[in-house]
Amino acid sequence: MPNQADAHDQFNQHAPILFGVLAGICATIMVLLIWRNEQTVAHRETMAELNSEADLVESLVRQRLDALELIMRGGASLIAGDTLPTDEQWQSYVAGLDLEQRYTAVVGLGYGPYIDRVDLMRFQQDWKERTGEMINIQPWGVRPEYAPVIYLAPASQATRSLIGRDMYIEATRREAMQRAMESGHPWLSGSVELFLDGGNPSVRSMIFYTPVYRGGEHPETVAARRANMMGWVYIPFRMPKFIDMTLKSVKRKLKLRISDATTVGKPITLAEDPGLSGKAFRGPIERSIPVYGRVLRLEFFGEEDAGAERSQWVLWSGLPLALATGLIAFLLARTQARAHVLARDMTRAHARSEALFRSAMVHSGIGMALLDDKGDIVEVNPAFTRLFERDIGALRGTHFAALLDHGSVGLVEQGEEGGMRMEIRRFARRNGELRHVSLVYGKIPSKDGVDIRLLVQTEDISDRVRSEARIRALNRTLELRVDARTRELSEANQQLETFAYSVSHDLRAPLRAIDGFSRLLSDRHADALDDTAKGYLSRIREGARRMDDLIGAILTISRVSRGELQHQPLDLSALAREIVDELAASDPQRVVEVEIAPGLHAEGDASLVRTLMQNLIGNAWKFTRDRETAHIRIGRDPGGYFFVEDDGVGFDPAYAGKLFQPFQRLHTESEFVGYGIGLATVRRIVERHGGTLQARGEVGRGACFAFTLPGVLHDNDDDHQI
């Protein structure tokens, strides 16, 4: 028995230590469990907050892009009218949008027409008739298609320098423009470098294009869309400023990076918050947004130490008090209470969201209906019942399509996956009246316990449809009248040219008779005539000769305006050398130093361009005759203008307007021989090629005549960009 007593005492002696160790171990395990639980809760709360903010940012990005689309559609409506707006009208429209204040990332709102190579000269001629100025397509070069900038607002010195620049030559822009044209929907380009940024690759930008078709209609096939294509309304914007503009009202805790993940491979970073590199962040949380033909990837990063302080406090304060079970209970109760608070807040937020949605349904002026996966009506708002003249009870459970006529009667647009679908349908009211209604279908994500799949917004647009029909009818009538007037004008011009040509030929016969009989009278009856009579006969013959020369000049101008142009590549350097050699051979006593730049290549009608060069170089040769050593220079300036420059007598700039008028001369016949048709012929040749002509000079210091031929060939056309 003593052994049993000793054993009991020994047990009693070591029991407190054993129980203490066990309690300490249990308490430590409990503290560690609580610490781990606190870390998990903190992480869950942080991730919930980050996901909530990510959802908000994603929604704001979509809303901003949708707002830009609405702006472009407004511009497209202005372009698709009867006639193109003037630059002042476009600038006034954009000024009313207040882009500089509301959309700080937007560079401007512009328009570029879609021009086939065959229609290029006609477009330039129409532009000149509308504005009084020739538009130069930049960069120079012959291409199958063009899309030059003709409007860009708000106006500034920098944006006006872009007028005439061809967007279609750059691959990224061209891809987005072709996608928009062929799909009929707005389209975002990939990352581009805007010309206004000086080609700075660190500033990532995108361009938003929407197609404009003739008459404002939406052709159903790709071929029809290309055939009816007018051009693109577009908005260039800088991505870093776009993010700042979109999220300026959001109090953010996340760092954001936005990339273009449309193509396979590494996404292209478009913009990111400063400070992302060099510091540990939690994440990323990714969102992929398919919008307007591109996939934008949003990556959200949270600070790595978020919520860590609270869990560390639980650990270091719980270990010293590991044996205090009351504290353990308190911490467990506190954790449970916080979980209840979080659940209660989430329940209230859900209830508030549902209340807001129902309030919007009830008070909205647009009809709304919620449909299940079978297309049956689950719920409608009062505006919907007023539109279809039925009460809510009768509409519930009704198949939505049964309310409408079969088949759409207007625009049908299918958005991206999870997006919206729009169409125009008809329905009959109780009195038999047919009404047009615009329908917008929005998909509702599937969730457990939710049987709603679609939200349909309805709006009565019958008045608008009737107005548009009347406008289209008026447009067709106006187009027929314009075509008729155009044909009449063309026929009148052709008859006038034929009349001038015929009259010029008919006048030569009596002139030759006058000259012939005067010569016979002078030769056969000279002995019977005194000196005065002989002088009269000489004047008669000289007048007939001058009139014959004037008729020849009229025929020359008429021939320039007649016939079809035969375009072919031309070497202006070789052509100028041939003309100079001919002039030197006909006037060998002159000392003229001629400088001809090599590599002057162009495209045009060989016969007409030779006549152009003969007149310009011949004038330079003639008006430098008083120089002991004359100088003539032929070349091309950095702006793409060919020029012929001399150091002759020059002209007064105040009378420059008379230079290109037929039979207008700034010098007398005794000073310089000629009839004043050379420069008039040059002007007609340049205009027939769709080019521009300039003249500058100063009395006693020479003159310079510069011209362009739109078919100028460049070796490095592909290196230019907008």
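The values are calculated or read from the model by the stated rules, or taken from the named source; none is laboratory data. Nothing here was measured: the structure is a model prediction, and the numbers come from that model. Here the Cβ positions follow ideal geometry from the backbone for every residue, glycine too, while neighbour counts run over all protein chains shown. When the accessible area is computed, the model is the full protein with side chains, heavy atoms only, and any ligands, DNA or RNA have been set aside. Shrake-Rupley method; radii C 1.70, N 1.55, O 1.52, S 1.80 Å.
Label-to-label distance for Ser462 and Ala401 is 2.5 nm, based on points extended 7 Å past Cα in the beta-carbon direction. When a 1.4 Å probe is rolled over the protein heavy atoms, the share of accessible surface on the range 146-207 that falls to carbon and sulfur comes to 46 percent. Taking every protein chain into account, the accessible area of the range 90-164 amounts to 45 square angstrom per residue (probe 1.4 Å). Projecting label points 7 angstrom from Cα along Cα→Cβ for Val21 and Ile366 puts them 7.4 nm apart.
Sorting 254-260, 356-362 by their mean Cβ neighbour count within 10 Å, with the most densely packed peptide first, gives 254-260, 356-362. Note on Arg539 and Glu564: with the Förster distance fixed at 45 Å, the Cβ-Cβ geometry gives a FRET efficiency of about 0.55.
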